[in-house]
Amino acid sequence: MIYKVADLVREVRIAIDKNNSSAPLAALIDDVDTLSIGKLIESKIEDATRAVTVNAPRHLLDSGKGFSTAVAWSSSKTKHWGFTQLPEDFLRLVTFQMSDWSYPVVEAITETDPIYKQQNSRFAGIGGNPQRPVVAIVQHPIGLILEFYSCTSNDVAVKIARYIPIPRVENERIGISEKLVDSVVYYCAYLVLTSLSEVEQAKVMFAIYKNLSELK
């Protein structure tokens, strides 16, 4: 969903004041006016949204945006695999599935994963296949790409491809998964209080954020 930055700033102020028994937010900074405090909160919103979104359990994410279904193929005698370029604002995979796969993949591996090297094995029984597909997010000269392993032929189409974009403030608004907005508010409060060296209050905000995000 799209939220107004001004509304989020207000919610962060409320969260800090509500959970601070010693003093309201405005009293935490000497010789700084209310406008400056608002700007401080606003400056943390993008970072808070990104951090919360990256670490959130998958069931708290929204459906994201679709990305390109154009693919490039590689083939061997036993299997076919390929890749598609990811958008420049890619942050996190939601789901990817080729049309001959038994199910969609929601968790991607990377080049550092031990099983990554297995994906290009010439042996049919090693690496991803339509019954047990694998996707990898890899840095490439053209940018980030999503490699998929594997398919029964090289004329299979992408069935679904969705991702979460990097959150950015545009026109005083920002997109946040609906189930994560409270988590973003408290994580932003944590960042603000940390920048003000209010360590104990920051810990309180972080603990509330973790609880809201269902993190251990």
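Overview of values
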read-out	value
Neighbourhood net charge (14 Å Cβ-Cβ; Lys/Arg +1, Asp/Glu -1) for LEU144	-3
Separation in nanometres of the label points that stand 7 Å from Cα toward Cβ, at ILE160 and LEU91	2.1 nm
Over 23 Å between alpha carbons, listed pairs LYS159/LYS216; LYS18/LYS44; LYS18/LYS179	LYS159/LYS216
Principal axis dimensions, largest first and in whole angstrom, of segment 65-165 by Cα	35, 27, 21
With eigenvalues of the C-alpha gyration tensor scaled by 5 and rooted, the chain, Å	44, 16, 14
Of LYS39/LYS65; LYS79/LYS117; LYS4/LYS65; LYS4/LYS203, those spanning more than 24 Å from alpha-carbon to alpha-carbon	LYS39/LYS65; LYS4/LYS203
Inter-probe distance in nm under a simple model that places probes 7 Å from Cα toward Cβ, at LYS18 and VAL138	4.7 nm
Principal-axis tilt of helix 34-55 within the chain, Cα atoms, nearest 10 degrees	30 degrees
Separation in nanometres of the label points that stand 7 Å from Cα toward Cβ, at SER68 and SER153	2.5 nm
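We did not get these values from a lab; they are worked out from the coordinates using the rules stated. Computed from a predicted model, the values in this text were never measured in an experiment. Cβ atoms come from the backbone with ideal geometry, glycine included; neighbour counts cover every protein chain shown.
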